[in-house]
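These notes concern the structure reproduced below.
The values are calculated or read from the model by the stated rules, or taken from the named source; none is laboratory data. What you are looking at is a predicted structure, and each value in this text was computed from that prediction instead of being measured. Positions of Cβ are backbone-derived with ideal geometry, glycine not excepted, and every protein chain shown enters the neighbour counts. Surface accessibility is based on the protein's heavy atoms, side chains included, excluding ligands, DNA and RNA. Shrake-Rupley method; radii C 1.70, N 1.55, O 1.52, S 1.80 Å.
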Amino acid sequence: MGHRMQTFGNFIDKFPPEQDSLELTFTPTSVPLKKRWRNNRLSAYFIADYFTTFLPLDDSQIEEQKRIHESKSAVSYVANELLENAMKYNYEEAHSQIKFGVHFLQNSSLIAVVFASNSVTANNQKKLENFIHKLQNNDPENLYIEHLEKNALEEDQCSGLGILTIINDYNGEIGWKFEKMSSQNHDSFFLVTTMVQIEV
C-alpha cells in the first residue's frame, strides 16, 4: 500500500514526546448507528473531562470554576464536531479505523489539540479540499452567515458549518492532513486528519 501526504492550515505532524495525549480508536461498523452517535457524545465529554484535569486551576475558586467550565464546553464541542464528521464521512469499504483524541501543549498557556482521523472517498476528499480553499480565501464570519442562509433554504445541512463555528466562536486554529492510499483490493481513498487547536 502506497501513499502521499499533503497538509493544509495549521497542522502539527509531530508532537514533543514529553507532552501528554489521549487517543481513542473506533471500528465504525462494530456498533449500530444509534449507539454510535451516543458513543460520540460520551467520547467527546470524556475527552473534555480528561483535558480539564490538566488545567492549572483551582476549582474551589469561583473565577477559575468559570474558566474550567468554559474550557470543558469548548473542548467537548470541538471533540463532538470532529468525531461526528469522522463517523459521518468515513469510507467504510476502506476498513480503516477512526482515531480520535487530544494532545496537550504547554506554551505561555495550555492548548488543547483535538484531532480525528478517518478514511474518505476521493470525491469527498475533493469536496473537503474545495471547502478548505474557500475558507482560506474568505472571511470566516461571512462564510458562516452564508452557510446559515444556505441551510435555511435547503433541507440538508450544509457541511462546514461546525468548522466555521469552531473558528468564529472558539477561536480554533484548524489544520488538515490528507494521505492518499492505494490498494489492490479497492479504489484509492484518502486518510484525512482534522486537527483543531484551542487555547484555554
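Points worth noting:
- When 99, 88 are checked against the criterion of being in a helix (DSSP H, G or I) and open to solvent by 70 Å² or more (accessible area, probe 1.4 Å), a single residue qualifies: 88.
- Residue pairs whose Cβ atoms lie under 8 Å apart, separated by 6 or more positions or on different chains, with the first residue in region 182-200 and over 13 Å from residue 123 (Cα atoms) and the second at pLDDT below 80 and open to solvent by less than 40 Å² (accessible area, probe 1.4 Å), are 182/2.
- Restricting 159, 183, 108 to those that are open to solvent by 20 Å² or more (accessible area, probe 1.4 Å), more than 29 Å from residue 73 (Cβ to Cβ) and either among the aliphatic types (A, V, I, L, M) or at pLDDT below 95 (or both) reduces the list to 183.
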